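Here's the structure, in structure tokens; my notes come after.
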């Protein structure tokens, strides 16, 4: 862990805006090596902030990083937050660590990656002259929660200087659930590290390790294996795909809930698809780009579980696959239409229509030139709009606008 009085090494503004004068604290329960969109957002933005501001601190759960040595060479200062039962005591912990940061840096900017963390920090608005930016991803604002929690969310977001939603869908859901001035919410999609995810990685050894032939068509989902992700719908579409491309394998990459994995394996067995579906479980972060490069088509047809308020707020894996120049297939659900440009970087489908899903996969398998064009379009879009540099630059602009308003 870096000492708290050290500055960010080599802090330079690539965009020519000069250095931000206020210290910045990024508060996020999830942080790599913990997986997920929130963790990737926190890391990507924190790394870029260090090129524009000094100092930058990241506060995250000790359990999330599994030891401070993981980020010992990082340009930001990592502070691990102790505590147990975060779901129950989240506000208490964020209050304590927020006070620790603000008592030392009363004129600063705090970025909270969820409103649950922000609610413990917002109470200091009357005590310290700091700017609070609250990020809204998806599930934390769409899930079914008690009325008292909705009131807390409304109070927290209304008192934040700015709320940033990762998709239009997430912004719309906030406006549907609570009373807040729409002008206080800006939409800013997730970003991608193009150095980490790139095309051309040699996958021959991985293909061999997985028992795949050189001409096997690979369909892949890389995500947590949970009910909403739509793995079951892809499995149900496989018989149609196999009629056109018999040597196709659907690879399900990622850890998951035990009962969901059991149900999926039962579905595979009941449909006689054991030779065509492969579960890898959790794979190391260092291997993710290789897995994306192995795929002919990346697919994730998430659906909304309305009774639970369980939705896909964005879908950062679509961008990671596009960064590897892979065509993607997503669903018309949640914030996915902000991640996938239909007909440009991939295709959008009905998350419950197995025939439409199969037809799009077959179309891409049959037309390699189309698949390559969509993949290249995806990487070009990221280069022009959605690197973490671009995301952070827009965030800094908004922070500056609100600070001067």
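Quick notes on this one:
- Gap separating the Cα centres of segment 114-161 and segment 350-405, nearest whole Å: 28
- Based on C-alpha pairs under 8 angstrom that are at least 6 apart in sequence, segment 250-390 has a relative contact order of 20 percent.
- Difference of contour (0.36 nm per residue) and Cα-Cα distance, residue 306 to residue 144: 57.4 nm
- Residue order, fewest to most beta carbons within 10 Å, for 198, 28: 198, 28
- Based on DSSP H segments of at least four residues, each scored -39500 (n - 2.57), the chain has a per-residue ellipticity at 222 nm of -12000 deg cm²/dmol.
- Take every pair of alpha-carbon atoms less than 8 Å apart whose residues are at least six positions apart; their mean separation over the length of segment 310-391 yields a relative contact order of 33 percent.
- C-alpha long axis of helix 231-244 to longest principal axis of the chain, angle in °: 30
- For the peptides 372-383, 235-246, the ranking by packing is 372-383, 235-246, with the highest mean count of neighbouring Cβ atoms within 10 Å listed first.
- The relative contact order of the chain comes to 14 percent, based on Cα pairs under 8 Å that sit 6 or more residues apart.
- Projected label points at residue 158 and residue 181, each 7 Å from Cα along the beta carbon direction, are separated by 1.2 nanometres.
- Rounded FRET efficiency, nearest 0.05, which uses the C-beta distance separating residue 127 from residue 342 and R0 of 41 Å: 0.30
- Going by neighbour counts of Cβ atoms within 10 Å, the residues 336, 135 line up, fewest first, as 336, 135.
- Listing 130, 27 from fewest to most neighbouring C-beta atoms within 10 Å gives 130, 27.
- Between helix 368-381 and the chain there is an angle of about 0 degrees, using the helix long axis and the longest principal axis of the Cα atoms.
- FRET efficiency estimate (nearest 0.05) - Cβ-Cβ, residue 366 to residue 87, R0 51 angstrom: 0.60
- Rounded tilt (10° steps) of 354-366 against the dominant C-alpha axis of the chain: 80
- Point-to-point label distance, residue 376-residue 353, nm (Cα→Cβ direction, 7 Å offset): 2.9
- Spacing of the two label points (7 Å from each Cα toward its C-beta) at residue 224 and residue 107, in nm: 4.0
- With only the Cα atoms considered, segment 204-385 has a convex hull volume of 112 Å³ per residue.
The numbers here are math on the coordinates, done by the rules we state, and not lab data. Quick caveat: nothing in here was measured; it's all calculated off a predicted structure. Positions of Cβ are backbone-derived with ideal geometry, glycine not excepted, and every protein chain shown enters the neighbour counts.
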